[in-house]
Amino acid sequence: MKRASVLPLLGLLPAVAAALSACADTSDPPRSIAGADPAAGLAAMRRHGCGACHAIPGLDWPRGVSGPALRGFADRPLIAGRFPNRPDVLVDFIADAPAMAPDTAMPSFPLSPEETRDMAAYLYTLHD
Ligand code: HEC
């Protein structure tokens, strides 16, 4: 009766399934920005010189190193290691990081709301 030994494990399946779906659910709320244009966001990042401090996929030059490389940003749990990586928080951070973290070396930028949202949308396309 070898099969009988598997039966106790079946009782664990709901717990395992719940744990797996909790792990997979890294985007609550979803990391997307309704109505924003990721391609326009990349163009705006080029225009505003974000590459001076960041290596950004899609921007060949410059690829600065004062700020963190942004590859895989969409999968990071935190922004700048301290804020939850949510769309509303990211938009605020891009627009005016020093207002949120006075000690940060990330400057504030004179961006339109559209540019800021488009940049956030582009950053949410960056998966490892
Ligand atoms: C003068 C250098 C500089 C420029 C220019 C700059 N950043 Fe930053 N950025 C930083 C630094 C430094 C940090 C790390 C902040 C911290 O840890 O407090 C950062 C952090 C970030 C983060 C969080 C990254 C992470 O890994 O959590 C994002 C997103 C970001 N910057 C986007 C942008 C965008 C978009 C632009 C252009 C509008 C830009 N940055 C321009 C220096 C810069």
List, in order, the whole-Hz ³J(HN,Hα) value for each residue of segment 73-81 obtained from phi through the Karplus relation with A = 6.51, B = -1.76, C = 1.60 and θ = phi - 60°; use x for Gly and Pro. 4, 4, 9, 7, x, 10, 9, 6, x
In segment 67-125, trypsin sites (Lys or Arg not before Pro) in a DSSP loop with at most 16 other beta-carbon atoms within 10 Å: ARG71, ARG82
Compute the accessible area per residue over segment 29-123, keeping the other protein chains in place, probe 1.4 Å, unit Å². 53 Å²
Long-range amide H contacts for ILE79: which residues qualify at under 5 Å (H placed 1.01 Å from N, peptide plane, sequence gap of 5 or more or a different chain)? ASN85
With a cut-off of 14 Å, note down the residues of segment 32-48 whose backbone N falls inside the zone around a label point 7 Å from the Cα of TRP61 toward its beta carbon. none
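The values are calculated or read from the model by the stated rules, or taken from the named source; none is laboratory data. Keep in mind that this is a model prediction, so the values were computed, not measured. So basically every Cβ, Gly included, is an ideal-geometry build from the backbone, and we count neighbours across all protein chains shown. Surface areas here come from the heavy atoms of the whole protein model, side chains and all, with no ligands, DNA or RNA. Shrake-Rupley method; radii C 1.70, N 1.55, O 1.52, S 1.80 Å.
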